[in-house]
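Inspection log for the structure reproduced underneath, given as structure tokens.
All of the numbers you see were taken from the coordinates with simple rules; none came from a lab. Please read these numbers as outputs of a predicted model, since none were measured by experiment. As a convention, Cβ positions derive from the backbone with ideal geometry for all residues, glycine included, and neighbour counts pool all protein chains shown.
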Amino acid sequence: MADIFDVIADSTRRDILAVLLERYVGEDSEAGEISVGDIVELLGLTQPTVSKHLKVLRDHGLVTVREDGQHRYYSLDASPLEDVEDWLVPFLSADFDADELDAAVDESAVFAAWSGADVGDTIGRRIAEGSHQARSVIQDASGKIQDASENVVRHLPKRFTRRR
């Protein structure tokens, strides 16, 4: 059986997870559910392709399904992604100072709220959405700062960059 890294390595499955996340944090659906037909329409894929990938995601606990007659409604269950998060955190936090690392650890509470653990759905969704937006802004800014600093060093006169 494939591990969680193999499952999320597939770009189609990541696209499906992104649709489910958007539905989960969005205000359009109280339960965060979406039908297979809606996923097909949003991603422009065939129904058999979407169903095949949803089966893999379901088998690994990343989605739950609710049956209503012949219709299937899927929703995100991000708890299996904790293994990925646990593996990534040391890499993402390597340059953090102690305060930033404490903040990263506090994000686990945000994740618990986002996944619905003993927190109201609305609060958990708002926290997850804010956390995701903040993380995106920070990552973008960090990349721009890194590029700018490399550019400055590249253009410094040699006498400033020479080692003694």
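Ranked by how many other Cβ atoms sit within 10 Å of their own Cβ, fewest first, the residues Val7, Val84 fall in the order Val84, Val7. Take the Cα radius of gyration of the range 4-78 and divide it by 2.2 N^0.38 Å, N being the number of residues; the result is 0.99.
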